[in-house]
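Here the structure comes first, spelled out in structure tokens, and everything after it is commentary.
The values are calculated or read from the model by the stated rules, or taken from the named source; none is laboratory data. Remember, predicted model here, so these are calculated numbers, not experimental data. Using ideal geometry, Cβ is built from the backbone for each residue, glycine included, and neighbour counts are taken over all protein chains shown.
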Amino acid sequence: MSDIVAPTATVAGPLDVAGTLALVQEALPDAKPVSAGPTDYLEVAPDQLLEALRVLRDQGGCDLLSSITCTDYLSYQGRARAKDGPRFEVVYHLYSTAQGGDCVVLHVPVDDGEPLPTATPVYPGANLQEREVWDLYGLVFEGHPNLRRILLWEGFEGHPMRKDWHEAYYEEDQKPFRSRHPRADFARSEDKVPWGKNTRYPADWDPDDWQEPVTYVPVSQDPRHSNGTGDRLSTESVVVNLGPHHPSTHGVFRMVVRIEGETVTALEPDMGYLHRNHEKIGERNTWLMNMPFTDRLDYINSMSNNWGYALAVEKLMGLEVPERAEYLRVIMAELSRIVNHLWSIGFILNDLGALQTPALYAIEEREMILDLFESVSGARMMCNYLRFGGVHRDLPAGWAERARYVVHERLPRALDQLDDLLSGNEIVNTRGRGVGYLSAEQLISLSVTGPMIRAAGVPYDIRRCEPYGVYDRFDFDIPTLPHSDVYDRYYIRLLEARESVRIVQQALAGLPEGDILAGKGGYVFRPPEGEAYGRVEGPKGELGFYLVSDGKPNPYRYHIRAPSYINLNALAPMTVGYKVADAIVILGAIDIVLGEVDR
Amino acid sequence: MFGTGLLKGLGVTFKHLVDTYKDDMQSTPARYQGSDDRGKGLKVIDQPVDQEGLLTIQYPEERRLLPERFRYIPMLIWDTETDEERCTACGICAKVCPPQCIWITRATDEAGKPVTRPQDFFIDATICMSCNYCVEFCPFDAIKMDHDAELASFERFPHLVYDKGELTVPLDYYAALWPVQYAEEQERRAQEAAEARAKEEAKAARAAAKEVKEETPAPEAKLSRAEELKQKAMERARQRREAQS
């Protein structure tokens with residue numbers, strides 16, 4: 001067993017959101033306070049954005065820029081907005097990891113073609129998200145160090161999240177499509193286009209003489225080679241592609257690595273191989289249709305994903321969830337966290353070279369939990385179990401007893417065994433301790449959340465800092481570890497899984513009787529106009545859903561703050577200076593899942 | 001001490017080996033949970049939660065026991081009690097379907113008027129995401145989830161685009177797959193039918209009382225007579241269609 005004693009700490013107290021917004025207004029008298037449904041935000045002009053962010057960071061205590069996204073108001077049909085305003089609004093969510101509490105929200109209205117400053121000088125973590133906004137909306141962030149497409153390929157035509165961009169096989173703006181019912185003239189697109197081409201290329205694009213307009217040299221770090229001493233002995237640095245089809249990259253993910261000998265001197269993550277424009281699909285869907293789609297984001301944790309989305313929609317609609325449903329949600333989400341952490345521990349060990357054995361022992365327990373998911377929701381992984389205002393079905397007979405056996409007998413035993421087997425192991429210690437270090441301040445400035453920052457000693461956990469559901473009723477600790485290396489990132493997951501076991505034990509003991517769904521259910525939802533940001537402590541970090549409703553049966557804007565995507569901000573700074581073999585483990589310890597990274 | 005980690009690791013691995021071997025050996029004759037749901041006589045295994053070792057399932061000769069709520073591809077129910085399909089082509093399933101993989105054509109009677117039966121009902125199984133919404137929101141209990149997950153075929157078209165014939169199963173098949181839910185449903189349906197009958201009777205009684213009072217038929221009665229004629233016409237159309245097929 002490890003000799004580390006996990007201290008538990010709590011945060012100072014909730015952030016005063018109104019007060020913080022007032023600070024910005026004091027500094028920038030032009031900023032306009034707006035209220036949209038359950039959210040109050042400040043509207044800031046593009047040229048004042050950096051000033052506002054600086055005030056928030058230095059005076060307001062908002063040290064973490066959680067989410068950057070954009071909304072295209074071209075076809076907005078609600079009444080709450082003026083029709084002649086700027087077309088786009090870039091949305092910033094910030095909060096304080098020291099104080100906890102709700103998010104501070106900034107909106108920056110910009111017109112098409114109008115540039116806005118990059119937030120990277122103030123918050124380096126804006127990097128990947130600004131690239132995503134550029135890629136999907138075509139907004140230029142002036143001064144961004146590496147403004148290239150990120151999810152789509154460089155030759156792609158157009159910016160697909162714009163409301164006037166239509167995909168190949170476009171049928172209608174919103175589901176349900178009338179061709180399915182009642183018009184009954186549906187024809188499969190593949191039949192219409194026999195060669196099955198389902199993409200569009202720029203007019204002047206010729207596959208024969210086209211060259212990818214990027215080099216393989218990582219551009220966000222200094223690519224120049226120098227051996228430092230200036231003496232005769234000089235080595236050559238080489239660029240190596242790790243992935244996209246390498247099992248150690250946990251999916252179809254590519255790391256472009258510049259190495260000198262065995263040492264990594266620069267690294268560039270390359271993603272988007274699994275991109276399906278989840279958000280565009282989400283804006284075609286009705287509100288309820290998105291629920292099974294959220295399962296497919298982080299496909300290991302469909303229960304937590306469901307919860308994040310349900311939480312955001314419930315915020316918009318002002319729905320109260322019945323007690324029993326809240327308990328069921330906690331049980332499912334925590335079981336799902338245990339699944340994730342077991343999986344993650346197993347695969348960190350896999351990356352360390354302990355091929356399959358620890359992973360299979362971890363998965364053995366995971367199977368028992370998936371059996372539980374299957375018997376309650378009908379699916380092992382794509383559970384689609386939560387609904388707005390509750391859960392889909394009540395527990396089947398005998399479920400609680402089975403679950404009790406799992407959390408009282410099996411899981412503690414299995415976690416002890418993993419701890420005993422791995423934590424003291426010489427190889428795990430030698431390969432893990434001191435590898436992939438990044439200080440807590442650096443991690444927070446890079447917008448990293450979840451077990452990664454708790455392994456760096458930051459006791460930030462949304463379940464404690466802005467409790468949702470009924471988390472305030474359970475007795476559990478937020479474990480933190482001090483070293484911020486691969487070993488701590490491995491061990492924190494074990495500790496968190498133990499806390500989750502405690503929560504499920506309590507929730508099963510206190511599970512009340514009663515309804516499981518508020519309201520009358522149904523499949524048509526029309527949340528009132530406004531925007532909401534629902535966030536849960538997903539097993540990989542803060543999972544947020546930013547939703548805008550224009551009062552119609554389809555979400556106007558549906559954005560996911562994907563933790564494993566944003567945590568990749570830290571990959572390059574964490575890896576540079578270590579060996580190639582360590583790069584694999586460092587990536588493994590971030591715990592990414594490509595369904596969520598690429599969306 | 002040098003090498004303890006190695007020994008410990010080997011110990012854990014060895015324990016797993018012994019547990020699994022022991023459990024598999026001990027429970028081999030008793031581990032089958034009856035035959036497969038679809039009557040193919042396959043052996044079904046349920047992994048007990050309180051067993052240390054994992055049972056090895058020799059797929060495809062042996063299968064895992066699926067829980068009742070397991071969902072895969074939808075099926076349409078042929079009500080053997082009334083000997084007609086339950087689907088009324090209302091289109092709710094097509095409307096709620098997230099990937100829009102259901103499309104329905106409504107049947108028409110001789111006169112070309114639409115009737116409450118589907119002419120065609122397609123599900124593209126390659127697109128279906130097994131989300132259960134069509135089942136959840138069907139007001140007629142006409143569409144349910146099948147447990148058959150072995151759909152592999154060489155061609156997508158037409159093998160994996162299921163039409164009404166391929167989707168329809170008799171009620172007994174559903175009852176065998178979903179015994180608990182089926183029992184609950186039957187109870188609810190019986191209750192609803194009783195309520196509907198009581199309402200009908202009350203209405204008839206009211207109409208009768210009114211007829212005694214007034215010579216001219218009330219608009220309500222007129223409506224109900226029109227309804228009756230329509231019902232008869234539909235019944236005739238159905239009989240004719242059946243005679244044809």
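Miscellaneous remarks
- Test: B:Ala175 is surrounded by fewer than 11 Cβ atoms within 10 Å (Cβ to Cβ), aliphatic (A, V, I, L, M) and at pLDDT 85 or above: no
- Any hit, the range A:551-560, residues being of a type outside the set (S, T, N, Q), within 30 Å of A:Arg498 (Cα to Cα) and modelled with pLDDT of 90 or more: yes
- Hey, A:Leu360 at the interface with chain B (Cβ under 9 Å from one of its Cβ atoms) and within 30 Å of A:Asp582 (Cα to Cα) or not: yes
- Residues of the range A:286-318 that turn out to be within 14 Å of chain B (Cβ to nearest Cβ), out of contact with any Cys (no Cβ under 8 Å at 6 or more places or on another chain) and assigned to a helix (DSSP H, G or I), as a count: 5
- Residue count for the range A:260-307, restricted to those that are among the small types (Gly, Ala, Ser), under 15 Å from the mean Cα position of the chain (by Cα) and surrounded by fewer than 24 Cβ atoms within 10 Å (Cβ to Cβ): 1
- Residue among A:Arg410, A:Arg402, A:Arg393 that alone is more than 25 Å from the chain's Cα centre (by Cα) and in a loop (DSSP other than H, G, I, E, B): A:Arg393
- You will find that of A:Val238, A:Val256, A:Val321, the residue that is farther than 20 Å from A:Arg599 by Cα, away from chain B (no Cβ under 14 Å) and crowded, with 23+ Cβ neighbours inside 10 Å is A:Val321 and no other.
- Where B:Gln58 falls short, out of the listed (1) touching a helix residue (DSSP H, G or I) at 6+ places or on another chain (Cβ under 6 Å); (2) over 26 Å from A:Pro176 (Cβ atoms); (3) without any contact (Cβ under 8 Å) to a residue 40 or more places away in the chain: (1)
- Filter result for the condition that a residue is in a strand (DSSP E or B) and of a type in the set (Asp, Glu), over A:Glu268, A:Glu326: A:Glu268
- Residue satisfying all of: in the range B:132-141; farther than 21 Å from A:Ser302 by Cα and in contact with a Ser or Thr (Cβ under 9 Å, 6 or more places away or on another chain); nearest to the other protein chains (Cβ to nearest Cβ) among these: B:Pro139
- Only listed residue being farther than 16 Å from A:Ser304 by Cα and within 14 Å of another protein chain (Cβ to nearest Cβ), chosen from A:Pro573, A:Pro527, A:Pro555: A:Pro555
- Restricted to the range A:413-455, and to residues there that are hydroxyl-bearing (Ser, Thr, Tyr) and outside any loop (DSSP other than H, G, I, E, B), the residue that is farthest from the chain's Cα centre (by Cα) is A:Thr430.
- Meets criteria (within 18 Å of the chain's Cα centre (by Cα), modelled with pLDDT under 85 and either surrounded by fewer than 20 Cβ atoms within 10 Å (Cβ to Cβ) or facing chain A (nearest Cβ under 9 Å) (or both)) for B:Asp148: yes
- The range A:172-185 residues that are at the interface with chain B (Cβ under 9 Å from one of its Cβ atoms), paired with ones that are surrounded by fewer than 18 Cβ atoms within 10 Å (Cβ to Cβ) and of a type in the set (Asp, Glu) (beta carbon under 9 Å, 6 or more apart): A:Phe177/A:Glu171; A:Ser179/A:Glu171; A:Ser179/A:Glu172; A:Ser179/A:Asp185; A:Ala184/B:Asp120
- Residue among A:Arg526, A:Arg535 that is of a type in the set (Lys, Arg) and assigned to a strand (DSSP E or B): A:Arg535
- Only one of A:Gly389, A:Gly434, A:Gly457, A:Gly424 that is modelled with pLDDT under 90, surrounded by fewer than 23 Cβ atoms within 10 Å (Cβ to Cβ) and within 16 Å of A:Glu496 (Cβ to Cβ): A:Gly457
- Identity of the residue in the range A:56-88, of a type in the set (D, E, K, R) and in contact (Cβ under 8 Å) with a residue 40 or more places away in the chain, that ends up farthest from A:His144 (Cα to Cα): A:Arg79
- Across the range B:109-131, the qualifying residues are those that are over 11 Å from B:Ile73 (Cβ atoms), touching a helix residue (DSSP H, G or I) at 6+ places or on another chain (Cβ under 9 Å) and within 11 Å of another protein chain (Cβ to nearest Cβ), and the one among them that is modelled with the highest pLDDT is B:Cys131.
- Residue in the range A:349-364 that is farthest from A:Ile338 (Cα to Cα), counting only those that are at pLDDT 85 or above and among the aliphatic types (A, V, I, L, M): A:Leu352
- Of all residues in the range A:386-409, those satisfying the criterion of being more than 10 Å from chain B (Cβ to nearest Cβ) and either among the β-branched types (Val, Ile, Thr) or in contact with a Phe, Trp or Tyr (Cβ under 9 Å, 6 or more places away or on another chain) (or both) are A:Leu386, A:Phe388, A:Val391, A:Val407.
- Unmet requirement for B:Val44, which otherwise passes all of (1) modelled with pLDDT of 85 or more; (2) in contact with a Gly (Cβ under 7 Å, 6 or more places away or on another chain): (1)
Residue-wise test of (1) at pLDDT 80 or above; (2) aromatic (Phe, Trp, Tyr); (3) at positive phi; (4) surrounded by 12 or more Cβ atoms within 10 Å (Cβ to Cβ).
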{"residue": "A:Trp165", "(1), (2), (3), (4)": "yes, yes, no, yes"}
{"residue": "A:Ala168", "(1), (2), (3), (4)": "no, no, no, no"}
{"residue": "A:Gln174", "(1), (2), (3), (4)": "yes, no, no, yes"}
{"residue": "A:Arg178", "(1), (2), (3), (4)": "yes, no, no, yes"}
{"residue": "A:Ala184", "(1), (2), (3), (4)": "no, no, yes, yes"}
{"residue": "A:Arg188", "(1), (2), (3), (4)": "no, no, no, yes"}
{"residue": "A:Lys192", "(1), (2), (3), (4)": "no, no, no, no"}
{"residue": "A:Asn198", "(1), (2), (3), (4)": "no, no, no, no"}
{"residue": "A:Tyr201", "(1), (2), (3), (4)": "no, yes, no, yes"}
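- Filter result for A:Glu531 (in the same structural domain as A:Tyr299 (by TED's automatic domain parsing), in contact (Cβ under 8 Å) with a residue 60 or more places away in the chain and touching a Leu at 6+ places or on another chain (Cβ under 7 Å)): yes
- Of A:Ile369, A:Ile338, A:Ile345, A:Ile331, all but one fail to be within 24 Å of A:Gly450 (Cα to Cα) and free of Cβ contacts under 8 Å to residues at least 60 places away in the same chain; the exception is A:Ile369.
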